[in-house]
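A.B. asks: If you scroll down you'll find the structure; I have some questions about it.
What follows draws every value from the coordinates through simple rules; no lab data is involved. All values reported here derive from a predicted model rather than from experimental measurement. Every residue, glycine among them, receives a Cβ derived from its backbone with ideal geometry; neighbour counts consider all protein chains shown.
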Amino acid sequence: QVSPALRTPRRPVWLCSIPGRLGVLFGTDSRLLSHWRAETAFHLHFYSGRQEQTQTAHLRIDTHSHHWEDAPSEEPCRPGKRCPALDMAIRTKWAGATISWNGTDPFF
């Protein structure tokens with residue numbers, strides 16, 4: 001039997017399977033689960049446990065700006081370029097969000 005804490009987590013947690021590789025995307029702000037205004041700008045962490053990932057990736061998600069408005073050098077997701085699979089997965093929940101990897105090269 002699954003405990004109530006596992007059915008309704010206190011923090012936002014998503015298990016990701018992107019091109020067959022598993023990872024965990026999670027947030028530390030519990031308001032993401034219950035307050036829609038918390039979804040304007042927030043931070044998520046991603047961990048895959050793979051050797052090429054030496055530390056948890058710290059992502060900044062902004063749902064009010066648009067990824068096509070950023071400077072071309074800052075955003076890898078522009079026409080003619082490939083977009084990181086994790087960015088595309090995040091945008092299934094928050095369409096049009098700008099995702100900043102905070103200086104880390106997108107590896108997933």
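A.B. asks: Once the other residues with Cβ under 10 Å from the Cβ of Phe107 are scored (Lys, Arg +1; Asp, Glu -1), what is the net sum?
C.D. replies: -1
A.B. asks: How large is the charge dipole for region 1-55, taken about the Cα centre, if only the Cβ atoms of Lys, Arg (+1) and Asp, Glu (-1) carry charge, to the nearest 20 debye?
C.D. replies: Value, rounded to 20: 160 debye.
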